[in-house]
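Colleague: Dropping a structure here in structure tokens format, bear with me for questions.
The values are calculated or read from the model by the stated rules, or taken from the named source; none is laboratory data. Being a predicted model, the structure only gives us computed values, none of them experimental. When we count neighbours, we look across all protein chains shown, and the Cβ atoms used for this are built from the backbone with ideal geometry, even at glycine.
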Amino acid sequence: MKKIGRYIWFGLLLSVAVACRKEDDITPEAPTPNYFYPDESETDVHAQLCRNFYAETGCYLLLNDTLKHEYTGTDRYGNPLYSTELLDLTYGVTSSVRWKFKFHLSTDYQRELQATEIIKNDILRAMDKRYHPYSFLLVDYFESSAYQIEEGEPTGCWSALSERETYYIGSRAIAMSIDALLQDKETLKNRFFRRLLENQLTTSVLKEFYAPGERYYGKDDITEFENDDDFINRTGILAGGSHFAVTNEGLILTFEAHSKTEDRTMFLDPLLNGKEEEFTTKYAKYPIVLEKFRLLKEIVLDLGFNIN
């Protein structure tokens, strides 16, 4: 019995050794090509600019929305066949609106170099690394068109191509216009950061900010307040308005409250435009308003945005 046991034991060891040998002999598959990074065969100054940008920032740089265009052979008639992949700016976006873009590509290396310096020194350095994009697509300028369906209609239509766009924030890439960057970098930077910040200020993030006026947002028939001061004091909502409505009981003062987005804007504007002192002085007698303003500023700073 002991001999049989030893044979079984040696057999198990042998089978494990053979299995390990088979695992060691497996040849790993080649990695999937990274189409966001220049191929080794690309040696021009544009490709080197993209390599340098990635090395310095950790973000990929694209100068063309064509990620891949590879020859794969010919069809039955001898015509060449290609495998092509284009950058999808709207990748991962869950929206009822569909977008398409027309890109006007750059061929001027010096302009591309100037634009990348602005992105590195004026945009990325001012951003928390949590919000650094996967890649930038730099083009001279681009146009956009939206496909929308009106409520109750079975089909929709594409809008006409817009005027020159300055930027578009996508999940895999941020498209930016070289023209806009070189003409007025401060305006573009401020618009870009505001949009980026607003994307982070979701309803869930601002739950405490919205709490005092939660039940009133978007309503236009509120009747439980005595005057405008009473409305602002108890809800913390700045925007809206009041008017008298005719009812069976006579004239009644009614109030309307802006939406959550509009209310957020009323507080965000002075915060981003350097008018904090002016705002706090104006609403000094409204403690809920001041607390909402303090809370919003704290949230913005916690998100990594420099507003000073």
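Colleague: Within the stretch 166-200, which residues are touching a strand residue (DSSP E or B) at 6+ places or on another chain (Cβ under 8 Å) and free of Cβ contacts under 8 Å to residues at least 40 places away in the same chain?
Modeller: Within the stretch 166-200, Thr166, Tyr167, Ser177, Asp179, Ala180, Leu188, Arg191, Arg195, Asn199 qualify.
Colleague: Next up: Can you find, within the stretch 134-164, the residue that is nearest to Asp302 (Cα to Cα) among those that are in contact with a Phe, Trp or Tyr (Cβ under 9 Å, 6 or more places away or on another chain) and in contact (Cβ under 8 Å) with a residue 60 or more places away in the chain?
Modeller: Tyr134
Colleague: Which one is modelled with the lowest pLDDT, of the residues in the stretch 39-90 that are of a type in the set (Val, Ile, Thr) and within 22 Å of the chain's Cα centre (by Cα)?
Modeller: Within the stretch 39-90, the first condition is being of a type in the set (Val, Ile, Thr), and the residues that meet it are 43, 45, 57, 66, 72, 74, 84, 90.
This time we only want the ones that are within 22 Å of the chain's Cα centre (by Cα), so: 57, 66, 90.
Details: Thr57: 95, Thr66: 92, Thr90: 83.
Result: Thr90.
Colleague: Ok, one more. Could you please tell me which pairs satisfy a Cβ distance under 9 Å, a separation of 6+ or placement on different chains, a first residue in the stretch 228-243 that is assigned by TED's automatic domain parsing to the domain that holds Tyr286 and closer than 12 Å to Lys285 by Cβ, and a second residue that is aromatic (Phe, Trp, Tyr) and modelled with pLDDT of 85 or more?
Modeller: Note: pairs meeting the criteria are Asp229/Tyr286; Ile232/Tyr283; Ile232/Tyr286; Asn233/Tyr286.
Colleague: Return the only residue of Thr72, Thr107, Thr66 being over 19 Å from Phe192 (Cβ atoms), touching a strand residue (DSSP E or B) at 6+ places or on another chain (Cβ under 8 Å), surrounded by fewer than 11 Cβ atoms within 10 Å (Cβ to Cβ) and of a type outside the set (Phe, Trp, Tyr). Reasoning before the result, please.
Modeller: Details: Thr107 fails: touching a strand residue (DSSP E or B) at 6+ places or on another chain (Cβ under 8 Å); Thr66 fails: surrounded by fewer than 11 Cβ atoms within 10 Å (Cβ to Cβ).
Every option except Thr72 fails the conditions.
Residue by residue, here is whether (1) basic (Lys, Arg); (2) in a loop (DSSP other than H, G, I, E, B); (3) at pLDDT below 95; (4) in contact with an Asp or Glu (Cβ under 9 Å, 6 or more places away or on another chain) holds:
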position: Gly92; (1), (2), (3), (4): no, yes, yes, no
position: Ser95; (1), (2), (3), (4): no, yes, yes, no
position: Lys100; (1), (2), (3), (4): yes, no, yes, no
position: Gln110; (1), (2), (3), (4): no, no, no, no
position: Gln114; (1), (2), (3), (4): no, no, no, no
position: Leu138; (1), (2), (3), (4): no, no, no, yes
position: Tyr147; (1), (2), (3), (4): no, no, yes, no
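Colleague: Looking at this structure, is Arg111 more than 28 Å from Leu301 (Cβ to Cβ) and either among the hydroxyl-bearing types (Ser, Thr, Tyr) or under 19 Å from the mean Cα position of the chain (by Cα) (or both)? Please lay out each step first, then the result.
Modeller: On the way: more than 28 Å from Leu301 (Cβ to Cβ): yes; either among the hydroxyl-bearing types (Ser, Thr, Tyr) or under 19 Å from the mean Cα position of the chain (by Cα) (or both): no.
Against the criterion (more than 28 Å from Leu301 (Cβ to Cβ) and either among the hydroxyl-bearing types (Ser, Thr, Tyr) or under 19 Å from the mean Cα position of the chain (by Cα) (or both)), Arg111 does not qualify.
Colleague: Among the candidates Glu208, Glu226, which residue alone is of a type in the set (D, E, K, R) and in contact with a helix residue (DSSP H, G or I) (Cβ under 8 Å, 6 or more places away or on another chain)? Show your work before the answer.
Modeller: Values: Glu226 fails: in contact with a helix residue (DSSP H, G or I) (Cβ under 8 Å, 6 or more places away or on another chain).
Within the list Glu208, Glu226, the selection yields Glu208.
Colleague: Check the stretch 189-201 and report whether any residue there is touching an Asp or Glu at 6+ places or on another chain (Cβ under 9 Å) and either surrounded by 14 or more Cβ atoms within 10 Å (Cβ to Cβ) or part of a loop (DSSP other than H, G, I, E, B) (or both). Can you show your working first?
Modeller: Restricting attention to the stretch 189-201, the residues satisfying the condition of being touching an Asp or Glu at 6+ places or on another chain (Cβ under 9 Å) are 189.
Those left that are additionally either surrounded by 14 or more Cβ atoms within 10 Å (Cβ to Cβ) or part of a loop (DSSP other than H, G, I, E, B) (or both): 189.
Taking every residue of the stretch 189-201 in turn, at least one turns out to be touching an Asp or Glu at 6+ places or on another chain (Cβ under 9 Å) and either surrounded by 14 or more Cβ atoms within 10 Å (Cβ to Cβ) or part of a loop (DSSP other than H, G, I, E, B) (or both).
Colleague: Here is a follow-up. For the stretch 149-188, enumerate the residues that are part of a loop (DSSP other than H, G, I, E, B), surrounded by 18 or more Cβ atoms within 10 Å (Cβ to Cβ) and polar (S, T, N, Q).
Modeller: Selection gives Thr166 alone.
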